[in-house]
Every structure is written in C-alpha cells, then in structure tokens.
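Trainee: I have a structure I would like to understand better, so I am pasting it below and will then ask my questions one at a time.
Each reported figure results from applying straightforward, stated rules to the coordinates on display, with no laboratory input. Quick caveat, the model's predicted, so the values are computed rather than measured. Quick reminder, even Gly has a Cβ in these numbers, built from the backbone with ideal geometry, and neighbours come from all protein chains shown.
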Amino acid sequence: MNSATLFSSVFLVALALSSGIRAWLALRQYRHVAAHRGVVPFEFAASVPLADHCKAADYTQAKLRVAITELAVEVALLLALTLGGLLHRLDETWLGVLGVLGERGYGHGLALFASVGVISFVVDLPFALYRSFVLEARFGFNKMTWRTAMADFFKQAVLAVVIGAPLLLAVLWLMSAMGERWWWYVWLFWLGFNLLVMLIYPTLIAPLFNKFSPLPEGELKERIGGLLARCGFTAAGLFVMDGSKRSAHGNAYFTGLGRAKRIVFYDTLIDKLKPAEVEAVLAHELGHFKRRHIWKRIALMAAISLGLLWALGQLIAEPWFYQGLGVATPSTAMALLLFSQALPVFLFPLTPLASLLSRRHEYEADAYAASHANAGDLVTALVSLYRDNAATLTPDPLHSLFYDSHPPASLRIAHLRGYRAGSTS
C-alpha cells in the first residue's frame, strides 16, 4: 500500500468514525429528550409549564432531524469533492479556462475557491431556508421575511467578494513568495486580519444587517450605568438591536476591542425580561470580559492556527497528500483547499475539550455576575430564556458533555442558587 492509498484509508476511517459518532450522539439526544418529554424537571416545575417543556422537546427533536439529514449531505459532499474527484475536475476545468502555459496562478486559485464556495452555498441553502421558514416558523420563532433573507444572502455574497477575495489573494501570495517559512507570515497576517475585523465589525459590518439604536433613558439604562460603574467597564455606547426582524430569540452581547467596545441588547431580550434581569444577564457577559475569556480564546485559537499552518507547511510538498484526497496535481491553492476540507474530520475528537473549556468559562462568568448583580435575578432571567427560547431542560448527559458550550440548565441554576444573592464586590 503506497502513501496516497494509506492516507485515503486513514481519511475514510476518520470520516466514518466522526460522522458515526455525530449521528449516534444525535440519536441519543433525540431519544433522551423524548423519554423526558412528559414531565418537567422538579427544579423547574414552578416556573416552566408542561406545555412549554413539551414545546422545547419537540423543537429540539425537530432540529435534530434536520441535523442528521444535513450530516448525511455534508459527508456526501465532502466525499464528492475529494475522493469523488470533483475538486480534481474543477482544478482541470479552471486550468483550461484561465491557465497560462499550464500554470496554476492566482486567478486559478480564486476561481477554485469561488467554485467550492458556490457549490457549498447551493447545497446549504435548502437547509438554511427550511430552518428559518419551516422549522423556526412552526415553533413561532421566525420573524424574517423572504425579502430580508434574500437581502442577507446578497450582502453576504458582496462581503465574501469584497473582503474574502483580497484576503485569499494575500494568503496565496504569502504562501508562494515567502519560502519554506510561509506559514509564519500567513499566521501573522491572519492574526492581524482577525483583530482588525473585531475592531471594525461593530461600526462597519454589523449595521449592514441590523439597525442599532441607543438604549433609551429609563430604569434599564440607569441600572446598566450602575453596573458598569461597579465593574469598571467603559463602552463606546449602549445599543438596542432589532433582532426581532429575524427571530423571536433574545440575547445580549458586547463586541469590539478597546475604545470600540459596544454593549448590544436584542430588542426581544428587553421585551421579555425585567430591567433587573437584563442587568444580571449583562453582568454575566461582562464576566467573560473581566475574566479575560475573550483574550484567552483568541490566544488559544492563535496557537492552534499556528500549529495547523505549520502542519500544512509540512504537507504542501507531499504528493500523497493530494493524491490521497483525489487530486492529481499539487498547487498552493489546492493544498489550502484540501486542508480546509479535511481538517474538521481530524479535529473532531477535540470537540469535547473545546466544550469543556467553554462551560468552565460560563461558570466563571456566572460567579462574576453573582458578585456584581443579583444571582436570583440571573436565575429567573435564565429560566425565562430557557422557556422562551424552547431550550431543552433535559439534554442527554453524553451529548451535552460532548457538544454543549453552556452547562445544562439544572446544573447551572444549582450553581447560581449556591451564591449569596445580591452580593457585591
């Protein structure tokens, strides 16, 4: 067995294992939620009606049915692109259209990535539309019109061209021009680009999709001002986002870096929660900032991306890497494309570690919120959000351990109730 055949076999085994585990975990979640559909957990019995609990179970199961179908299509597309030879045919086609003296230049690389992007978009589009206009609508969450959906797709396509094409061109140039250590220069460029996006996203990109209005005067703004003073947090402004034009789900977040930091509330969140509860939710979000979770995650992702780019640097000159994934002729663009396609398969085992880290950060943010706002208000806010967002209160423990970025509702509420309500520091 040659190296290319061996790599093909390893890829197929990894793909079979990862997709099989994903399907098995989804079925576990489906059955566990169904088995607990008829009874509200004791700790939520006084605050979550049985009808809402059943709705959450049905909503969770409906999403899982779509996810399992989507998984099958995702695997089929990946196999078609790689071992099925679709990437190879695209490579040869664009070489014939754009190639000069048989060379695969930057135009060829951009066209290759654009082709895969269009194919992925066409394959994903039915699922996106079904989720919004069938599944979310069935459970009363979708507020998006077809006009809004089409406008979003158009804006995303424009951004992909205006931002994505120059970004990809710069990466391909660095890979070709910087010698064997190209991966170091690409990493520095990629890191700088991501930090730049975090700076400009609040004021240049987000307003393309949503309207942001200053938080009006009143009790909520006074409470938020007091919370920010206690936490020593400064922001460029407090804004309300018209999330209701797309969904009935609610949330709050802060975005940007340095002086560009903004605090944003979904209008749906303000409508559903009391001012004290909104304050407690924001205290949790501020906890992520004060505990440096954002910077820790940026540092972790920077380290991981550096390691992955180094790994690609070792593979880029190996013929078996290309042949093992169904491509005959090596090129810079094809190496990057193949690596991005195959990488999720091999990184899948790290999913529970990422989830564990995220849940640990959620507990730390909850502890911070309990020391700067009322823990009881955060409890009632979370229960309201679980109920209104139809989040299941009875997830399968193994599925939750593997995937969930937030602790299960019962454990999270129990932790919060262990804090002294209203403590400050």
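Trainee: Can you tell me, using C-alpha contacts under 8 Å and at least 6 residues apart, the relative contact order of the range 70-201 as a whole percent? Display every interim value, and only then the final one.
Mentor: Values: 42 pairs, mean separation 20.7, N = 132.
Reported as a whole number, the value is 16 percent.
Trainee: I need the peptides 363-373, 151-161 ranked by packing, meaning the mean over residues of other C-beta atoms within 10 angstrom, with the highest value on top. Don't skip to the end; give the middle numbers.
Mentor: Values: 363-373: 22.5, 151-161: 13.2.
Per-residue Cβ counts within 10 Å, averaged per peptide and sorted highest first, yield 363-373, 151-161.
Trainee: Count the DSSP beta bridges whose two residues both fall in the range 175-319, then state the antiparallel fraction as a percent rounded to the nearest 5. It would help to have the intermediate numbers written out before the result.
Mentor: Working: 7 of 11 bridges.
Beta bridges within the range 175-319, antiparallel portion: roughly 65 percent.
Trainee: Related question: Want the number for F153 to R65: 0.36 nm per residue separation, take away the alpha-carbon distance, what's left? Please list the in-between numbers first.
Mentor: Numbers: separation 88, 0.36 × 88 = 31.68 nm, distance 2.46 nm.
In short, 29.2 nm is gained.
Trainee: Continuing with this model, one more query. From the gyration tensor of the Cα coordinates in the range 15-61, what semi-axes in whole Å does the equivalent ellipsoid have, largest first, with each one equal to sqrt(5λ)? Mind dumping the intermediate values first?
Mentor: Details: eigenvalues 161, 16, 11 Å².
Taking √(5λ) for each eigenvalue gives 28, 9, 7 Å, largest first.
Trainee: Still on this model: With everything on Cα atoms, drop me the angle between helix 375-388 and the longest principal axis of the chain, reported from 0 to 90° to the nearest 10.
Mentor: 60
Trainee: Report the gain in length on full extension from E43 to T5: 0.36 nm times residue separation, minus Cα-Cα distance, nm rounded to one decimal.
Mentor: On the way: separation 38, 0.36 × 38 = 13.68 nm, distance 5.50 nm.
Result: 8.2 nm gained on full extension.
Trainee: Does the range 206-250 come out rounded, prolate or oblate by the C-alpha gyration tensor, with a ≥ b ≥ c the root eigenvalues, rounded set by a/c under 1.5 and, if not, prolate when a/b is larger than b/c and oblate if not? Before the final figure, lay out the partial values.
Mentor: Details: a/c = 2.44, a/b = 1.92, b/c = 1.27.
It comes out prolate by the Cα gyration axes.
Trainee: Given points 7 Å out from each Cα along the Cα-Cβ axis, report the A80 to I205 separation in nanometres with one decimal.
Mentor: Once both label points are built, they end up 2.9 nm from each other.
Trainee: In nm, give the distance between the simple-model label positions of A72 and K245, each being 7 Å from the Cα along the Cα-to-Cβ direction.
Mentor: 3.8
Trainee: Under the rule a/c < 1.5 gives rounded, and otherwise a/b versus b/c splits prolate from oblate, where does the range 234-375 land using the Cα gyration tensor?
Mentor: Details: a/c = 2.85, a/b = 2.34, b/c = 1.22.
Prolate shape, in that a/c is at least 1.5 and a/b is the bigger ratio.
Trainee: Can you give me the convex hull volume of the Cα atoms of the range 132-176, divided per residue and expressed in Å³? Spell out each step's value before the answer.
Mentor: On the way: hull volume 3.7 nm³, N = 45.
So the per-residue hull volume is 83 Å³.
Trainee: Treating the angle as unsigned and between 0 and 90°, give the value, to the nearest 10°, between the Cα long axis of helix 293-315 and the longest Cα principal axis of the chain.
Mentor: Tilt of helix 293-315: around 10 degrees.
Trainee: Could you give me D for the chain, from Stokes-Einstein at 25 °C and 0.890 mPa s, where the hydrodynamic radius is the Kirkwood radius over C-alpha pairs? Units µm² s⁻¹, please. Please list the in-between numbers first.
Mentor: Working: Rh = 24.2 Å.
Result for D is 101 µm²/s.
Trainee: Taking just the C-alpha trace of the range 104-154, give me its Rg and Dmax in Å.
Mentor: 15.3, 50
Trainee: Related question: Starting from 0 in steps of 5 Å, tell me what percent of the Cα-Cα pairs of the range 78-206 lands in each bin.
Mentor: 2, 9, 12, 15, 16, 17, 13, 9, 5, 2, 1, 0
Trainee: Taking the chain as the reference, fit the longest principal axis to its C-alpha atoms, fit the long axis of helix 351-372 to the helix C-alpha atoms, and give the angle between the two in degrees, 0 to 90, nearest 10.
Mentor: Between helix and principal axis, roughly 30 degrees.
Trainee: When N is the residue count of the range 225-303, what does its C-alpha Rg come to as a fraction of 2.2 N^0.38 Å? Write out the running numbers ahead of the final one.
Mentor: Numbers: Rg = 13.4 Å, N = 79, 2.2 N^0.38 = 11.6 Å.
Output field value: 1.16.
Trainee: Would you work out the relative contact order for the chain, in percent, from Cα pairs under 8 angstrom that are 6 or more residues apart?
Mentor: On the way: 478 pairs, mean separation 99.8, N = 425.
Answer for the chain is 23 percent.
Trainee: Have a look at G287, G376, G164 and tell me which one the Gaussian network model of the chain (Cα, springs below 10 Å) gives the largest fluctuation.
Mentor: G164
Trainee: Here's a follow-up. Considering every Cα-Cα pair within the range 166-309, what fraction, in whole percent, is farther apart than 21 Å?
Mentor: Values: 5491 of 10296 pairs.
Value for the range 166-309: 53 percent of Cα pairs lie more than 21 Å apart.
Trainee: Lysines near K55 by alpha-carbon distance under 21 Å, same-chain residues fewer than 8 away left out - which ones?
Mentor: Straight-line reach from K55, under 21 Å: K63, K143, K272.
Trainee: When the helix-only estimate is applied to the chain (DSSP H runs of n ≥ 4, each -39,500 (n - 2.57), divided by the residue count), what is the mean residue ellipticity at 222 nm, nearest 500 deg cm²/dmol? Don't skip to the end; give the middle numbers.
Mentor: On the way: 17 runs with 280 residues, N = 425.
Taking each H run of at least 4 residues, the total per residue is -22000 deg cm²/dmol.
Trainee: Let me ask something additional. When ranked by the protection proxy of mean other Cβ atoms within 10 Å per residue, highest first, what sequence do the peptides 207-217, 377-387 form?
Mentor: Working: 207-217: 12.6, 377-387: 21.3.
Descending packing order for the listed peptides: 377-387, 207-217.
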